[in-house]
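J.: Quick one: the structure is below, questions incoming.
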Amino acid sequence: MTQSQRRVLPETQDPDTGGFWEGARLGEIRVLECSSCGTLLHMPRAYCYRCGSWDNHWKAVAGTGRLHSWTVVEHQVHPDFPTPYTVVLVDLDAAPGARLVGYLDGAPELAVGQPMRARFENVDDDVTLPQWDPA
Amino acid sequence: MSGDDLAFRDRCAIAGIGTTDFTRNSGRSDFTLALQASLAAIEDAGLAPGEIDGIVRCDLDLVRHNDLAHVLGVRDLSYMGDVSVGGVAPSAMVGQAAAAVIAGLAKNVLVFRSLNGRSGRRYGRSSATQSKVGGNNTYDEFFAPYGLLTSGQIFALIAQRHMAEFGTKETDLAQIALTCRARANANPGAQMHDRKLTLDDYLNARMIASPLRLFDFCLETDGACAVVVTSAERAKDSPNPPALIRAVSQGAMLDPQPGVQFPVLMRDTITTLPAKATADKLYSRAGMGPSDIDVAQFYDCFSITVLLQLEDFGFCAKGEGGPFVSSGEIDMGGTIPINTSGGHLSDGYVHGMSHVVEAVRQIRGTSTSQVPGAQTCLVTSTPLPPGSALILRAS
Ligand SMILES: [Zn+2]
């Protein structure tokens, strides 16, 4: 599948999560952090569940992580995702508690805990998908 | 134990149960299925349809309270409840019905779940049809664009992680599928009644989302189930032995995460479900523990879901679910026989409500895989987001 054929695209303008996608277009992995107490707010929400602050900011972190889990999808459920393909869950090295999803073509050899590195897939002028490759 | 526990414990009972047939193509509307199951449950309770005065439905059901109230000839619809969400709802639906009875809001409450889950809306299909997905606190934008589209794929990621953390084997998952199939083979109403399943069949079946294969997945089903909840006192007059509602609980974990299902993959741990919190509360309210449970109906949208719940409900330690199931502990005669109708894996997926019906059969002594002398039955409705569960007991 070429990138231009991909039709399932993320909403990038949501008030709570848009900053993540804005960062992706700039080639950054961003996480939302409470400006009062530093708590990681993931999934991104405008309110800090730890200290009650509404004050937060997006922080760029290193695009490296560890593989938390993965699955090779062999039963196709969507026309845009021919099988086999692999979905990865990656724990960010620089932001403990933050985990992101990635897509890999085919069925690469993988192991839980292995290092992963971010890659930025420019889908169109508006959307860049952060992806994760074995490092 | 608190006084609140005693205010609920054994005060209500399930007096009637009813189901439709479970098929791949009912040829009937969701409403017709709901009505057929409801009429059967009301008759089983020894009531006239007009005596129903409360109805509890699941939020995902297409059938509404008034749809049923009209055709049943309900004279005075006094209580209408909706419980979220999907497969998390069934035990809590019974709990809500019992709470309404105890509070005096209704006397005889019909609880139903109806779906054309195979021929109609299929939950195993991706719902990502729009050009842009996510936003509005669904967080789907972090998942669907990467091809993470179904509950089965979520549980595949969980199963892979459980294998890595604890050494769980594919043959452990197989044991759950085989056990449910053996129970279905004894149940003439089960969709898989006539089809044996061997370990070779299981291992040779196609992979859906690794490490989960075809028979790790439940049977998308057309069908409906209903039960009638009333006071323990009134239930004594019903034709069948009442199944007393010992306790009900709902629970979530400290970091439940938002959204419908995909963000659960962002929890600190993905190998413990909200089942843990739900179970702890349930046992406390019941004044019972795992060793007091004679038989259980575990929510089995997938095999791995059962394995996690066996751990979270305390039948074995966290991480030991694999060896536990592979040593026969969930079989008839084991520590905790499970899913005695065949479960969602081999009877039919009626989104957790068929488990409530089968639990009542166990308490009545009428299951096709009856646990001799069963006095207590656990029902779990604890897949991904929050959870609910209940314990029934004989009077
Ligand atoms: Zn804070």
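J.: Pick from the stretch B:158-172 the residues that are surrounded by fewer than 24 Cβ atoms within 10 Å (Cβ to Cβ) and within 9 Å of chain A (Cβ to nearest Cβ): which of them is nearest to residue B:324 (Cα to Cα)?
T.: By that ranking, first place goes to B:163.
J.: Restricting to the stretch B:312-371, what's the tally of residues that are under 25 Å from residue B:93 (Cα atoms) and acidic (Asp, Glu)?
T.: Going through the stretch B:312-371 one residue at a time, the tally reaches 3.
J.: Continuing with the same structure: Considering only the stretch B:131-235, give the helices (runs of 4 or more DSSP H) lying wholly within it that have at least 2 residues that are basic (Lys, Arg) and under 20 Å from the mean Cα position of the chain (by Cα).
T.: Correct list: B:170-185.
J.: A further question follows. Here's a check for you: in the stretch A:86-104, which residue that is in contact with a Phe, Trp or Tyr (Cβ under 8 Å, 6 or more places away or on another chain) and without any contact (Cβ under 8 Å) to a residue 40 or more places away in the chain is nearest to residue A:69 (Cα to Cα)?
T.: Looking at the filtered set, the residue picked out is A:89.
J.: Of (1) closer than 28 Å to residue B:97 by Cα; (2) more than 16 Å from the chain's Cα centre (by Cα); (3) not β-branched (Val, Ile, Thr), residue B:268 satisfies all except one. Which?
T.: Condition not satisfied by residue B:268: (1).
J.: Being within 14 Å of another protein chain (Cβ to nearest Cβ) and either in contact with a Leu (Cβ under 9 Å, 6 or more places away or on another chain) or not aliphatic (A, V, I, L, M) (or both) is the filter here, so list the residues in the stretch B:223-265 that pass it.
T.: If the condition is that a residue be within 14 Å of another protein chain (Cβ to nearest Cβ) and either in contact with a Leu (Cβ under 9 Å, 6 or more places away or on another chain) or not aliphatic (A, V, I, L, M) (or both), then B:253, B:255, B:256, B:257, B:258, B:259, B:260, B:261, B:262, B:263, B:264, B:265 are the ones that fit.
J.: So which pairs qualify, if the first residue must be in the stretch B:288-299 and closer than 18 Å to residue B:317 by Cβ, the second must be of a type in the set (A, V, I, L, M), the Cβ gap must be under 6 Å, and the two must be at least 6 apart or on different chains?
T.: B:293/B:378; B:296/B:336; B:296/B:338; B:296/B:378; B:298/B:306; B:298/B:338
J.: Now a separate question. Please work out which residue is surrounded by the fewest Cβ atoms within 10 Å (Cβ to Cβ), limiting yourself to the stretch A:5-38 and to residues that are over 14 Å from residue A:128 (Cβ atoms), away from chain B (no Cβ under 12 Å) and not charged (D, E, K, R).
T.: The extreme case among them is A:5.
J.: Related question: State whether the residues of the stretch B:315-335 include one that is touching a Cys at 6+ places or on another chain (Cβ under 8 Å), buried (at least 24 other Cβ atoms within 10 Å of the Cβ), aromatic (Phe, Trp, Tyr) and not in a loop (DSSP other than H, G, I, E, B).
T.: no
J.: Now, a different point. Given the conditions (1) closer than 19 Å to residue A:108 by Cβ; (2) in contact with a helix residue (DSSP H, G or I) (Cβ under 9 Å, 6 or more places away or on another chain), report the number of the one that residue A:57 does not fulfil.
T.: Against the list (1) closer than 19 Å to residue A:108 by Cβ; (2) in contact with a helix residue (DSSP H, G or I) (Cβ under 9 Å, 6 or more places away or on another chain), residue A:57 comes up short only on (1).
J.: Give me the residue from the stretch A:64-76 that is touching a Lys or Arg at 6+ places or on another chain (Cβ under 9 Å) and surrounded by fewer than 20 Cβ atoms within 10 Å (Cβ to Cβ) and, out of that set, farthest from the other protein chains (Cβ to nearest Cβ).
T.: A:64
Rundown of residues vs (1) away from the ligand (no atom under 16 Å from the Cβ); (2) touching a residue at least 60 places away in the same chain (Cβ under 8 Å); (3) not assigned by TED's automatic domain parsing to the domain that holds residue A:133, yes/no style:
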position: A:22; (1), (2), (3): yes, no, yes
position: A:31; (1), (2), (3): no, yes, yes
position: A:43; (1), (2), (3): no, no, yes
position: A:51; (1), (2), (3): no, no, yes
position: A:84; (1), (2), (3): yes, no, no
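The values are calculated or read from the model by the stated rules, or taken from the named source; none is laboratory data. All values reported here derive from a predicted model rather than from experimental measurement. Neighbour counts are summed over all protein chains in view; Cβ atoms, including those assigned to glycine, are modelled from backbone coordinates with ideal geometry.
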